[in-house]
Amino acid sequence: MAEPWWRTGPQDVHRLEDRVSSLYVERCHIDRDDNAIVLVNKARIVHVPAAYLAVLLIGPGSRITHAAVALLADSATSVCWVGEQGVRLYASGLGTARGSQLQLRQAWLVTRPKERVAVARRMYDLRFPGEDTTTLTLQQLRGREGTRVRKLYAQHSERTGVPWTKRDYKAGDAFATGDDVNRLLSAANSALYGICHAVITGIGASPALGFVHTGSALSFVLDIADLYKAEFTIPLAFDLAAKGLTTERDARTALRDAVVQHKLLPRIVTDVKQLLVPDGTDLPEKDLHGLWDEGNTVVSGGRNWSDSFTPDHHVDVIPPPPEEERGPRRETDA
């Protein structure tokens, strides 16, 4: 049996960048056998070492046991419940991170306009290597990115001979519209989102706190995935369409192979950390487990502070609601 995560050290968990990027399963029973998860359907039984997976994508028609979920959590494997063909993310489980430092740093950056713009600009810099973007506004950078992507579509269409008109996508149902290239793009992008989501949660950042994208539980996932679409999913979709490989499974497996070949996982880890914690920025080595105090200071937790309380010490006390607003009293109420 694997040791619970609170008794394991970093050396006991396989490095995220060394793992298989993702595994998509659907219409099967997921169980546990020692340190492997077991995938069972009518055709066969497959054993997969849990500690070598970055993310397990669970599709429709699947069921998973408590033991399997516990193993995946102990192995620091992200678990995502996704929709048909892996397009929509409904829920996700715990990743490898056991600390809050990176997430607190991300929240600090995203809530300060100057720092947020700086991170967004660094993201665009990654897309335009060798170009000077320091004088461009965010609006100009968005325009330049749109032009770059439009040119990429045209270039890959000419290269592969696959016709291209425009990006056609229906939110919430990626396969309801569009031609083969559009459907392949949707499938490959969805798989890329899952991989980026696994890395972001795995290293302790928040998938919701985006810098370019906002207003979504996956805003930062979209930010990071956009860094790699021009290199991975766009050429991949045109190449597959040219070969007549047009199913969502073709897109997922091809992207998985490309991620391994080009070592994308360690690259995502490095890029996320560099965006949030540039060279020269230090983070605490461990969580403080303290109590927030006025003046943006932290006092120690795990102690009774009644000794230091004085009547003139400012404390915001929220009174309980009136008896008539509390609702009927239950037998289990204290």
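The values are calculated or read from the model by the stated rules, or taken from the named source; none is laboratory data. Keep in mind it's a predicted model, so treat the numbers as computed, not measured. We place every Cβ from the backbone using ideal geometry, glycine too, and count neighbours over all the protein chains shown. With ligands, DNA and RNA removed, areas are computed over all heavy atoms of the protein, side chains included. Shrake-Rupley method; radii C 1.70, N 1.55, O 1.52, S 1.80 Å.
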Exercise. List the number of the failed condition for R183; all other conditions in (1) open to solvent by less than 40 Å² (accessible area, probe 1.4 Å); (2) charged (D, E, K, R); (3) closer than 20 Å to L152 by Cα hold.
Key: (1)
Exercise. Answer with yes or no whether T253 is farther than 22 Å from A107 by Cβ, of a type in the set (S, T, Y) and at pLDDT 65 or above.
Key: yes
Quiz item: Here are some residues: D18, D12. Which one is surrounded by 14 or more Cβ atoms within 10 Å (Cβ to Cβ), acidic (D, E) and modelled with pLDDT under 80?
Solution: D12
Quiz prompt | Whichever residue in region 97-151 is in a helix (DSSP H, G or I) and of a type in the set (S, T, Y) and, among such residues, is least open to solvent (accessible area, probe 1.4 Å) | solution = Y124
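Of the residues that make up region 266-280, is at least one assigned to a loop (DSSP other than H, G, I, E, B) and crowded, with 19+ Cβ neighbours inside 10 Å?
To start, the set of residues in region 266-280 that are assigned to a loop (DSSP other than H, G, I, E, B) comprises 277-280.
Now narrow it down to the ones that are crowded, with 19+ Cβ neighbours inside 10 Å: none.
Within region 266-280, not a single residue is assigned to a loop (DSSP other than H, G, I, E, B) and crowded, with 19+ Cβ neighbours inside 10 Å.
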Practice problem: Please go through region 225-263 and pick out each residue that is without any contact (Cβ under 8 Å) to a residue 40 or more places away in the chain, within 30 Å of A118 (Cβ to Cβ) and more than 14 Å from the chain's Cα centre (by Cα). | Solution: E231, H262
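Quick grid of which residues meet (1) modelled with pLDDT of 95 or more; (2) under 17 Å from the mean Cα position of the chain (by Cα); (3) surrounded by 17 or more Cβ atoms within 10 Å (Cβ to Cβ):
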| site | (1), (2), (3) |
| --- | --- |
| A174 | no, no, yes |
| A198 | no, yes, yes |
| T214 | no, yes, no |
| D223 | yes, yes, yes |
Quiz item: Mind checking which residues of region 56-67 are surrounded by 15 or more Cβ atoms within 10 Å (Cβ to Cβ) and either at positive phi or touching a helix residue (DSSP H, G or I) at 6+ places or on another chain (Cβ under 8 Å) (or both)?
Solution: L56, L57, G59
